[in-house]
1. Out of the residues in region B:1-20 that are facing chain A (nearest Cβ under 7 Å) and not small (Gly, Ala, Ser), which is nearest to B:LEU127 (Cα to Cα)?
2. I'm told A:GLU165 meets every condition in (1) touching a residue at least 60 places away in the same chain (Cβ under 8 Å); (2) more than 20 Å from A:PHE203 (Cβ to Cβ); (3) within 8 Å of chain B (Cβ to nearest Cβ); (4) not polar (S, T, N, Q) except one. Can you identify the failing condition by its number?
3. Just checking, how many residues over region B:26-35 are modelled with pLDDT of 95 or more and assigned to a helix (DSSP H, G or I)?
4. In region A:183-200, which residue that is surrounded by fewer than 23 Cβ atoms within 10 Å (Cβ to Cβ) and more than 22 Å from A:VAL163 (Cβ to Cβ) is nearest to the other protein chains (Cβ to nearest Cβ)?
5. Please count how many residues of region B:252-274 are under 30 Å from B:SER192 (Cβ atoms) and buried (at least 18 other Cβ atoms within 10 Å of the Cβ).
6. Considering (1) out of contact with any strand residue (DSSP E or B) (no Cβ under 6 Å at 6 or more places or on another chain); (2) surrounded by fewer than 20 Cβ atoms within 10 Å (Cβ to Cβ), say which one A:GLY66 fails and leave the rest.
7. Quick test for you: out of B:GLU20, B:GLU84, pick the one residue that is charged (D, E, K, R) and either more than 29 Å from B:ALA131 (Cα to Cα) or exposed (fewer than 14 other Cβ atoms within 10 Å of the Cβ) (or both).
8. Picking from A:LEU42, A:LEU57, which residue would you name as being modelled with pLDDT of 95 or more, within 14 Å of chain B (Cβ to nearest Cβ) and over 20 Å from A:ARG118 (Cα atoms)?
2 protein chains.
Amino acid sequence: MKRSDRLVAMTHYLVEHPMELVSLPFFSNEYKAAKSSVSEDLAIVNKRFQQEGIGYLQSISGAAGGVRYIPQFSSNNSEIFVDELCERLEDPSRLLPGGYLFMSDILGDPSTVRNIGRIFATEFSDLEIDAVVTVATKGIPIAYAVASFLNVPVVIVRRDPKVTEGSTVSINYVSGSSRKIQTMVLSKRSLSEGAKVCIIDDFMKAGGTINGMKNLLTEFNAHVAAIGVLAEAEDEDEERVVDNYTSLVQITNVDVKNNQIEVHKGNFIHNKGM
Amino acid sequence: MKRSDRLVAMTHYLVEHPMELVSLPFFSNEYKAAKSSVSEDLAIVNKRFQQEGIGYLQSISGAAGGVRYIPQFSSNNSEIFVDELCERLEDPSRLLPGGYLFMSDILGDPSTVRNIGRIFATEFSDLEIDAVVTVATKGIPIAYAVASFLNVPVVIVRRDPKVTEGSTVSINYVSGSSRKIQTMVLSKRSLSEGAKVCIIDDFMKAGGTINGMKNLLTEFNAHVAAIGVLAEAEDEDEERVVDNYTSLVQITNVDVKNNQIEVHKGNFIHNKGM
């Protein structure tokens, strides 16, 4: 195969297999090329990926070595994307009774959701996450987007047990906003003991739901290494019960009377420098 | 930018923007290259994509023309993938009380789900779908995978209304397996009038749920152009109420007593020839 053909095939392969260690002999065999040519190809791909701000190729030397595509979204790309998101969210027609915000259209757009996932995956790429945990329903698409870049499975906590889950572990918790007792269940075989996980959700006020997930996860001896929420908002009645999280946007000053919302960048920018 | 760099950048761009019309001047400007060079690059990408069995570039001529990446999963790729899926599903440890099958691990794996989406998107790529509709919870990841390849939004029907959906339209329907009256709701502003949609779900027995979605969609004057289910199984008590659908696998002979399941390829293979 010619270099030009190999570059197309390899770029596609790497983009479709993020975080996966690929050996040089695999490419060399797949594309019928000498290892030295493959190395040169990879150097070209690596340089280009970095310049596009979409990640880099990590080289692992030794017999079990190879390359791994680490997807990243550059600070610049992330900021442009989140600025746009803030603008879309500030549209007053999104305001719903009770000061809630309509976001289903944004969460329904696969390419937007994919970029949201890209930013969280960039933040969490060093944490050796084993699984992404979310709670039904709205967090699911974001969780899959994050998981696809981290190349790990998604585990979905449900509000209602279903026969198709097999045996489950469940907890009761008090939801922040409604003060009602709610239930969360997780299929027993969905998560292995002692897994390192990140929690993803679309929206956080006081953080009762996320706290509930944390409690449920202790039943699996899971270690919560990171928490990511698309949007955070203040809860007037209750203090936040979750303190270590990454948010993309912050919703402030929801003024139902004057039909206005203010949306700012979340704390992901500060985390960046760490 | 050199050809080798352009090929990497363009491949990435096209893979991340399926079904989107990209003008030659866009590439030419983005990568500082003559239009003739860009045309040659695209010919290389197109040939390679076809040989990898992952789709092709469609050229649209004229002033508003350009190229569009149509993702496809070749019959060969699809069959290999579905054969593997059948094997994984035949594992007797998946059997649950009532003859149900545990599939959460498969549905939790982003790369498996992405390939499932790729097959449906290949089947439906000519239908000019405006949106992918699914019902919470298990169908959601598949719906996003399909939608990401078709470059259209996902619309999620819920079993329970939520304040964050705004005003909704709801219907009651009788579920095939439990004969219980159930409710489905869809946010009013989630789907525009007269949209052409495909319905995606993880599992279908008699098809009551899908039929419910079809009824709900008539309230939006939507046209259901296609139905895709990951797995279909026979319902012993009830005849199927949905007849035009694409399935990837067929679950037959669930023998709880002898702890055996048979899983075969679904009807997507026959549809292929059409």
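1. Among residues in region B:1-20 that are facing chain A (nearest Cβ under 7 Å) and not small (Gly, Ala, Ser), the one nearest to B:LEU127 (Cα to Cα) is B:VAL15.
2. It is condition (1) that A:GLU165 fails.
3. Here the count works out to 5.
4. Filtering region A:183-200 for residues that are surrounded by fewer than 23 Cβ atoms within 10 Å (Cβ to Cβ) and more than 22 Å from A:VAL163 (Cβ to Cβ), the one nearest to the other protein chains (Cβ to nearest Cβ) comes out as A:SER192.
5. 1
6. Status for A:GLY66: all satisfied but (1).
7. Going through B:GLU20, B:GLU84 in turn, the sole match is B:GLU84.
8. Criteria check complete, one pass: A:LEU42.
The values are calculated or read from the model by the stated rules, or taken from the named source; none is laboratory data. Only a predicted model underlies this, so the values are computations on that prediction, with no experimental measurement involved. Cβ coordinates were reconstructed from backbone atoms using ideal geometry, including for glycine residues, and neighbour counts include every protein chain displayed.
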